[in-house]
Amino acid sequence: MTLPTGVENTNLINSEDRELLTTFFKQRIVPLSEDLSIKETYAQRRADRDSFFVKRHSPSMTRVEFELDLKDRDAFAATLETHWQNRPLQPVAQDLITLGTRFEQLDEKVDLSEFVYEMF
Amino acid sequence: MASAKHILGVSAFYHDSAAALVSDGEIIAAAQEERFSRKKHDPRFPANAINYCLEEGGIEARDLAAVVFYENPIKTMDRVVQMLAETGEAGLGPWLEGAPGALGTKIRFDDLVANELKCDVPVLYSEHHLSHAASTYFPSAFEEAGILTVDGVGEWATTTLAMGRGREIEVLEEIHFPHSLGLLYSAFTQFCGFRVNSGEYKLMGLAPYGRPVFADIIRDELVAIKPDGSFALNLEYFGFLDSLSMTNSRFHELLGGEPREAESRLTQRECDLAASIQVVTEEAVMKLVETLVRTTGTRNLCMAGGVALNCVANGKVIREGLVDDIWIQPAAGDAGGALGAAMLASYKYFDIPRAPCNKRDRQNGSYLGAGYSNAEVKAYLDVNEKPYQVLENEERARYVAQSIADGKIVGYMVGRMEFGPRSLGSRSILGDPRNQDTQSTMNLKIKYRESFRPFAPSVLDYRSKDYFDLESDSPYMLLVAPVKEEIRLPFELNDEEDLVDVVNRPRSSLPAITHVDFSARVQTVHEDTKPDYFNMLREFEKITGEGVVVNTSFNVRGEPPVCSPRDAYVCFMRTEMDVLVMENCILEKTQQPAFDDVADWRGEYELD
């Protein structure tokens with residue numbers, strides 16, 4: 001499958017899945033861009049700041065932070081929803097994870113893409 | 001007596017999946033999945049590596065106190081979806097490529113563990129950069145150290161400055177995605193025609209052939225680096241948010257043309273690009289280290305993350321005197337995250353005391369992988385009717401040393417496999433550094449790889465200063481140091497000259513390990529961590545007067561380093577190696593039966 005970028009998609013999904021993903025992306029994710037897009041330009045960022053460092057919410061992990069409840073898809077969705085509480089992404093959580101049920105049996109990728117750093 | 005707390009760390013799904021077993025804070029075993037699956041950088045759930053770790057520890061899955069994943073999938077999902085939303089319509093390509101994996105396998109870690117281990121073991125989650133930080137600080141001998149982790153990306157962090165004290169790690173500063181030194185380096189890697197996430201090492205090796213003529217353009221246009229080392233990328237030039245390429249057309253225009261086609265002829269432009277991004281990377285790393293030292297007040301430094309494999313930058317940090325002592329996790333990339341996650345959980349979750357270290361470090365020379373007994377090697381050779389002789393340890397050391405001194409190339413598989421990308425004398429191909437032809441022979445007839453790439457020296461620890469300007473030990477081949485003036489030969493780089501001609505001109509009395517800038521990527525060999533290798537080097541010293549050999553990983557291009565006797569034998573027969581050593585069994589190529597290699601083995605391994 002060739003993507004709009006001209007690069008081969010290494011995930012072998014069928015056209016129906018591709019359509020579903022495309023629809024979800026356009027209807028649920030793209031509309032959030034107005035709320036989430038960064039308005040600051042590179043030039044502003046470069047000029048306005050003395051440092052690009054950011055602080056963590058806490059300096060290390062607490063014991064409870066090791067214990068994520070991700071035992072199944074429902075638990076994952078609930079944990080994600082909690083993480084996104086009061087943020088524009090919150091309404092997306094359940095449907096996003098439900099969408100993933102279609103790809104549960106997809107074989108794990110054997111190869112890394114040679115074009116882009118694997119960051120998804 | 002209370003039973004030991006066995007913690008299994010796992011990294012998977014991105015780069016170099018791995019497993020590590022830590023028992024009561026002590027590292028028992030660690031291995032990458034690629035060594036077993038024979039798929040380089042294998043990102044899949046590391047079922048084979050897990051099985052190996054349990055076997056090495058002599059335990060069953062039900063004995064585990066926990067399995068710890070090296071990052072937090074919720075925070076990763078947060079970053080992925082947030083960035084896609086910020087990117088808008090243009091993010092469709094990356095979404096279609098990444099979503100099936102991100103929503104399928106990558107959120108099923110609990111499930112995969114249950115399926116694989118077939119018992120109910122608690123699953124815990126660490127964080128990517130904390131795992132890296134833990135992977136370098138906890139195995140080090142330091143009781144207090146500054147910690148720098150730099151890579152492509154974890155959840156959000158791409159860089160962290162932290163402080164390690166006792167069994168605590170405190171993160172002080174972070175830099176967040178999409179601003180990433182690792183991704184910047186990977187962008188140049190792809191632009192120069194090498195594979196992302198495996199070609200970075202080649203780019204570093206190419207840099208000494210070039211001049212940093214693009215460095216100002218990079219500083220002015222691509223990345224802003226503040227005096228404290230923090231940085232921001234100018235995203236107008238990068239494609240990784242809205243395409244399946246690291247760079248975009250603006251990047252290409254800025255740097256004077258289209259990307260180099262993979263496997264096409266390397267030109268001076270690629271050499272200059274490599275030199276330029278190397279210089280800028282070093283500047284950023286140096287400033288980050290300065291800030292870390294200033295902030296923490298300690299002059300002990302620990303490093304991890306993929307960028308910590310940039311041994312040229314690492315060497316500069318120590319040479320410039322920014323710190324007094326440095327320890328770098330040999331599995332600095334994501335594989336090491338498995339070890340870090342297990343150690344972090346041991347100390348932070350299970351409150352296991354961190355025992356004082358009375359050795360060089362707690363990493364055991366990084367010989368943490370699978371080993372094979374003489375009985376296992378003999379069984380393989382006997383069943384397959386391969387002729388061999390058996391030599392006891394001392395005799396073996398003499399035999400190998402004499403073979404190398406005679407100009408032979410030796411495959412050397414003795415002891416437990418290394419954890420991390422560098423071969424350190426357990427899965428190594430060895431040659432004579434004095435021989436002018438060694439580099440090209442090993443590159444073209446053994447490794448089948450680009451001839452510009454230099455080889456590394458393994459040197460007796462007490463002879464290191466005879467050859468290199470290196471004040472510290474470098475047991476993990478993670479520091480580049482200048483070759484001593486005394487052994488250099490007159491040599492100048494000429495822009496017009498072909499790379500192959502340049503490579504073939506000697507630079508020192510040890511031409512095979514001296515790069516064109518008179519540098520070498522040094523491994524110091526120590527009797528306490530690798531006695532067999534140390535003794536072989538001693539024998540080589542007795543024969544030749546030199547306490548140094550060429551050491552490269554035991555594989556061909558695109559293949560993971562060999563793991564088992566079968567892997568080693570097959571690699572030996574497919575290449576022009578002369579001698580194979582597997583534990584105490586010695587095989588001569590001339591005595592081997594014709595090798596019936598019906599497979600098109602060069603197609604078996606994708607070029608890296």
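The values are calculated or read from the model by the stated rules, or taken from the named source; none is laboratory data. These figures come from a predicted structure and were not determined experimentally. We place every Cβ from the backbone using ideal geometry, glycine too, and count neighbours over all the protein chains shown.
Could you list, in sequence order, all residues of the stretch B:243-263 that are over 17 Å from B:LEU183 (Cα atoms) and in contact with a His (Cβ under 9 Å, 6 or more places away or on another chain)?
B:GLU258, the sole residue that qualifies.
Picking from A:PHE66, A:PHE53, which residue would you name as being more than 27 Å from B:PHE45 (Cβ to Cβ), at pLDDT 95 or above and more than 17 Å from the chain's Cα centre (by Cα)?
A:PHE53
Looking at B:GLU127, B:GLU97, B:GLU71, B:GLU55, which is the one that is assigned by TED's automatic domain parsing to the domain that holds B:ARG354 and surrounded by fewer than 24 Cβ atoms within 10 Å (Cβ to Cβ)?
Going through B:GLU127, B:GLU97, B:GLU71, B:GLU55 in turn, just one is assigned by TED's automatic domain parsing to the domain that holds B:ARG354 and surrounded by fewer than 24 Cβ atoms within 10 Å (Cβ to Cβ): B:GLU55.
Six or more apart or on different chains, Cβ atoms under 7 Å: show the pairs whose first residue is in the stretch B:241-254 and at pLDDT below 95 and whose second is acidic (Asp, Glu) and surrounded by 17 or more Cβ atoms within 10 Å (Cβ to Cβ).
Sorted first by the residue in the stretch B:241-254, then by its partner, the pairs are B:LEU244/B:GLU97.
Looking at (1) in a helix (DSSP H, G or I); (2) under 22 Å from B:VAL123 (Cβ atoms); (3) within 7 Å of chain B (Cβ to nearest Cβ), which is the one condition that is false for A:LEU99?
Every condition holds for A:LEU99 apart from (2).
Any residue at all in the stretch B:352-361 that is among the β-branched types (Val, Ile, Thr) and not assigned by TED's automatic domain parsing to the domain that holds B:ASN584?
yes
Pick from the stretch B:530-554 the residues that are among the acidic types (Asp, Glu) and out of contact with any Pro (no Cβ under 8 Å at 6 or more places or on another chain): which of them is surrounded by the fewest Cβ atoms within 10 Å (Cβ to Cβ)?
Filtering first and then ranking leaves B:GLU541.
Out of B:GLY365, B:GLY340, report the one residue that is touching a Lys or Arg at 6+ places or on another chain (Cβ under 8 Å), crowded, with 24+ Cβ neighbours inside 10 Å and not in a loop (DSSP other than H, G, I, E, B).
B:GLY365
Does the stretch B:252-270 hold any residues that are assigned to a helix (DSSP H, G or I) and surrounded by 22 or more Cβ atoms within 10 Å (Cβ to Cβ), and which are they?
Within the stretch B:252-270, just B:GLU270 meets the criteria.
Any idea which residue in the stretch B:134-156 is surrounded by the fewest Cβ atoms within 10 Å (Cβ to Cβ), counting only those that are over 21 Å from the mean Cα position of the chain (by Cα) and not in a loop (DSSP other than H, G, I, E, B)?
Out of the qualifying residues, it is B:GLU144.
Cβ contacts < 7 Å: first residue outside the structural domain of B:ASP16 (by TED's automatic domain parsing), restricted to the stretch B:296-324; second residue among the acidic types (Asp, Glu) and crowded, with 24+ Cβ neighbours inside 10 Å, any location; separation 6+ or different chain. Result?
As it stands, the answer is B:GLY305/B:ASP151; B:GLY306/B:ASP151; B:VAL307/B:ASP151, since those pairs meet every condition given.
Yes/no matrix, rows are residues, columns are (1) in contact with a strand residue (DSSP E or B) (Cβ under 7 Å, 6 or more places away or on another chain); (2) buried (at least 24 other Cβ atoms within 10 Å of the Cβ):
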{"residue": "B:SER3", "(1), (2)": "no, no"}
{"residue": "B:TYR14", "(1), (2)": "no, yes"}
{"residue": "B:ALA20", "(1), (2)": "yes, yes"}
{"residue": "B:ASP24", "(1), (2)": "no, no"}
{"residue": "B:SER37", "(1), (2)": "no, no"}
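If you take the residues of the stretch B:591-605 that are outside any helix (DSSP H, G or I) and modelled with pLDDT of 70 or more, which of them is nearest to B:ARG195 (Cα to Cα)?
Per the criteria, the residue is B:TYR605.
Among the residues of the stretch B:229-236, is there at least one that is within 12 Å of another protein chain (Cβ to nearest Cβ), assigned to a loop (DSSP other than H, G, I, E, B) and surrounded by fewer than 24 Cβ atoms within 10 Å (Cβ to Cβ)?
yes
Residues B:VAL480, B:VAL503: which one is over 25 Å from B:ILE328 (Cβ atoms) and either under 20 Å from the mean Cα position of the chain (by Cα) or modelled with pLDDT under 90 (or both)?
Unique residue meeting the criteria: B:VAL503.
Sort out which residues of the stretch B:164-178 are closer than 16 Å to B:MET303 by Cα, more than 7 Å from chain A (Cβ to nearest Cβ) and either of a type in the set (Phe, Trp, Tyr) or buried (at least 20 other Cβ atoms within 10 Å of the Cβ) (or both), and write them in order of number.
If the condition is that a residue be closer than 16 Å to B:MET303 by Cα, more than 7 Å from chain A (Cβ to nearest Cβ) and either of a type in the set (Phe, Trp, Tyr) or buried (at least 20 other Cβ atoms within 10 Å of the Cβ) (or both), then B:GLY164 is the only one that fits.
Sort out which residues of the stretch B:8-64 are out of contact with any Lys or Arg (no Cβ under 9 Å at 6 or more places or on another chain), among the polar types (S, T, N, Q) and within 22 Å of B:PHE138 (Cβ to Cβ), and write them in order of number.
Passing the criteria: B:SER11, B:GLN32.
Just checking: which of the helices (runs of 4 or more DSSP H) contained wholly in the stretch B:1-103 hold 2 or more residues that are more than 18 Å from B:SER131 (Cβ to Cβ) and among the aliphatic types (A, V, I, L, M)?
B:47-57, B:73-87, B:92-103
Does the stretch A:79-104 hold any residues that are farther than 25 Å from A:THR22 by Cβ and either surrounded by 16 or more Cβ atoms within 10 Å (Cβ to Cβ) or charged (D, E, K, R) (or both), and which are they?
Scanning the stretch A:79-104 gives A:THR79, A:HIS83.
Mind listing whichever residues of the stretch B:237-249 are outside any strand (DSSP E or B) and aromatic (Phe, Trp, Tyr)?
Hits for the stretch B:237-249 are B:TYR237, B:PHE240.
If I filter the stretch B:196-203 for residues that are farther than 17 Å from B:GLY305 by Cα, within 11 Å of chain A (Cβ to nearest Cβ) and either over 24 Å from the mean Cα position of the chain (by Cα) or among the hydrophobic types (A, V, I, L, M, F, W, C) (or both), do I get at least one hit?
No: zero hits.
Mind checking whether some residue in the stretch B:474-486 is surrounded by fewer than 24 Cβ atoms within 10 Å (Cβ to Cβ), without any contact (Cβ under 8 Å) to a residue 12 or more places away in the chain and closer than 18 Å to B:ASP517 by Cβ?
Within the stretch B:474-486, one or more residues are surrounded by fewer than 24 Cβ atoms within 10 Å (Cβ to Cβ), without any contact (Cβ under 8 Å) to a residue 12 or more places away in the chain and closer than 18 Å to B:ASP517 by Cβ.
Would you check which residues across the stretch A:57-75 are closer than 20 Å to B:VAL171 by Cα and more than 7 Å from chain B (Cβ to nearest Cβ) and list them?
Listed by number, the residues that qualify are A:HIS57, A:SER58, A:THR62, A:VAL64, A:GLU65.
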